[in-house]
Amino acid sequence: MLSKKTKYGLKALTYIARNQGDLPVPVGEIAECENIPQKFLESILLTLRKSGVLGSKKGKHGGYYLRQEPTEIKMTDVMRVLEGPIAMVPCVSLNFYEKCDDCPDEEKCSVNKLMIQVRDNTLQVFRNTTLADLSGK
């Protein structure tokens, strides 16, 4: 299941993409319009800022803004920042591979074979989806 952190992060990014003009979008505005607890949202946006997806500006007209065009922000990058590995089990992860403790032979493992298919199909969707696709921008 998708975590609330990731769900809220996607909603916030979509909101920023739709509403970003010359000024950054204030956290309070995003929280209110998207029905996200503000303290939790601040933590999520900070994570996205540290990863380089968002920039921020302090002060009276402060808030968050996209550091790239929505067409350049791929869901693979966002999902890995917010959710971690895309693979459901570590033995099929491309970036965070770990051998499963309870599996003597990955070549014969039926779970491994299934999860490779799930990973590959999920990656295809995420690689082919940008923030522009979600936000209509």
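The values are calculated or read from the model by the stated rules, or taken from the named source; none is laboratory data. Predicted, not measured: the structure shown is a model, and the values here were computed from it. When we count neighbours, we look across all protein chains shown, and the Cβ atoms used for this are built from the backbone with ideal geometry, even at glycine. When the accessible area is computed, the model is the full protein with side chains, heavy atoms only, and any ligands, DNA or RNA have been set aside. Shrake-Rupley method; radii C 1.70, N 1.55, O 1.52, S 1.80 Å.
Key figures
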read-out: Rule-of-thumb Rg ratio for segment 54-108 [Cα; 2.2 N^0.38 Å; N residues]; value: 1.80
read-out: Linear extension gain, residue 113 paired with residue 88, 0.36 nm per residue minus alpha-carbon span; value: 7.8 nm
read-out: Among 27, 51, 114 the positive-end extreme of the charge dipole of the chain (Cβ point charges); value: 27
read-out: Surrounding net charge for residue 8, when Lys and Arg each add one and Asp and Glu each subtract one, Cβ distance under 14 Å; value: +1
read-out: Candidate lysines - alpha carbon under 24 Å from residue 113, same-chain residues fewer than 8 apart omitted; value: 99
read-out: Filter on 11/137; 39/60; 7/50; 5/50; 7/137 - keep pairs with C-alpha separation over 23 Å; value: none
read-out: Dimensionless Rg/Rh of segment 80-137 - Kirkwood Rh, Rg from C-alpha atoms; value: 1.10
read-out: Heavy atoms of residue 83: accessible area, 1.4 Å probe, square angstrom to 10; value: 70
read-out: Theoretical FRET efficiency, 1/(1+(r/R0)^6), r = Cβ-Cβ of residue 46 and residue 2, R0 25 Å, to 0.05; value: 0.80
read-out: Largest-first principal axis extents, alpha carbons of the chain, Å; value: 59, 27, 23
read-out: Ranked by how many other beta carbons lie within 10 Å on average, peptides 44-55, 22-33 from highest; value: 44-55, 22-33
read-out: The chain - mean residue ellipticity at 222 nm from DSSP helices (-39,500 (n - 2.57) per run, n ≥ 4, rounded to 500); value: -15500 deg cm²/dmol
read-out: Residue-normalised accessible area of the chain, given per residue in Å² at a 1.4 Å probe; value: 62
